[in-house]
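What follows is a single structure, written as structure tokens, with notes after it.
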Amino acid sequence: MLDILYTDNHHLVVNKPAGLLVQGDTTGDETLLDVAKAHIKETTGKPGNVFLGLVHRIDRPVSGAVLLARTSKAAARLSDQFRRGIPKKTYLAIVSGKTRDHDTLEDNISRVANSSSSRIDPKGKASRLEYLRIGFRDGQSLLQIQLDTGRHHQIRVQLASRGFSILGDMRYDSTITFPDRALALHAHHLQFEHIVEKTPCHAVASVPDTWPNWARDIAEDIPAPRS
């Protein structure tokens, strides 16, 4: 089942489950693009190939809102929005330890050579995020994270470098597993600009059922965004 958060003739936002690739890789596993195209074809009865353009990504073990373009014009305009930093992305994460109430993290990050990992590197690209701790239980903090830049594994690297690994993120020093080999990292809210009307569009993705009840309860009480 495809969890559609927002759709019109130009845009499609879906709540990607953890474990599903956004686009194909060497594994040949099914992707979000495959599932979304099949859904559109089935529900619209459209003959021939279905166009969907990928304008941003989230990691395979991460869940949450992903925006796809339904036309080539939308793909070009939305890609330009992401290049200019117009879309706003808010994540939820559960990390080990008690963080500060709120903080702004600024680092330089680079990809590790011959690896799919990233690291803090003075010669890397400037990276910035802000977080607010909105819950704490059993030695774990629930964070609401505003991502200001979009570096590879940025949230995972910046938090882990300060001793707050995301649950399930064994790549970055977590010692606590999470259900379905997922990370406790979720793209909760996405705001972008409608390509025709130029008005703000919002999509809010519910956290997975596998998250702890206490964290899900807090997430459900987060106020709806305002335009």
Residues satisfying the stated conditions in segment 36-70, i.e. among the polar types (S, T, N, Q) and either within 13 Å of the chain's Cα centre (by Cα) or surrounded by 12 or more Cβ atoms within 10 Å (Cβ to Cβ) (or both):
Ser63
Segment 111-158, subset over 19 Å from the mean Cα position of the chain (by Cα) and acidic (Asp, Glu), residue surrounded by the most Cβ atoms within 10 Å (Cβ to Cβ):
Asp121
The condition of being in contact with a strand residue (DSSP E or B) (Cβ under 9 Å, 6 or more places away or on another chain) and modelled with pLDDT under 95 holds, among Thr149, Thr90, Thr99, Thr104, only for Thr149
Consider only pairs whose beta carbons are under 7 Å apart and that are at least six residues apart or on different chains; among these, list those whose first residue lies in segment 77-102 and is aromatic (Phe, Trp, Tyr) and whose second residue is in a strand (DSSP E or B) and modelled with pLDDT of 95 or more.
Tyr91/Ile145; Tyr91/Leu185; Tyr91/His186; Tyr91/Ala187; Tyr91/His188
Keeping to segment 173-195, report how many residues are surrounded by fewer than 20 Cβ atoms within 10 Å (Cβ to Cβ), under 18 Å from the mean Cα position of the chain (by Cα) and over 30 Å from Thr71 (Cβ atoms).
3
Give segment 21-35 a look and list any residue that's buried (at least 18 other Cβ atoms within 10 Å of the Cβ) and outside any helix (DSSP H, G or I), or say none.
Leu21, Val22, Thr31
Criterion violated by Gly168 - all others in (1) surrounded by fewer than 15 Cβ atoms within 10 Å (Cβ to Cβ); (2) on the phi > 0 side of the Ramachandran plot; (3) touching a residue at least 12 places away in the same chain (Cβ under 8 Å) satisfied
(1)
With the structure loaded, tell me whether Ala203 is in contact (Cβ under 8 Å) with a residue 60 or more places away in the chain and part of a helix (DSSP H, G or I) or whether it fails that test.
no
Pairs returned, first residue in segment 16-41 that is among the polar types (S, T, N, Q), second residue that is surrounded by fewer than 15 Cβ atoms within 10 Å (Cβ to Cβ), beta-carbon separation under 7 angstrom, 6 or more apart or interchain, are Thr31/Gln23; Thr31/Gly24
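The values are calculated or read from the model by the stated rules, or taken from the named source; none is laboratory data. For clarity, every value in this text was computed on a predicted model and none was experimentally measured. FYI the Cβ positions are ideal-geometry reconstructions off the backbone, even for glycines, and counts take in every protein chain you see.
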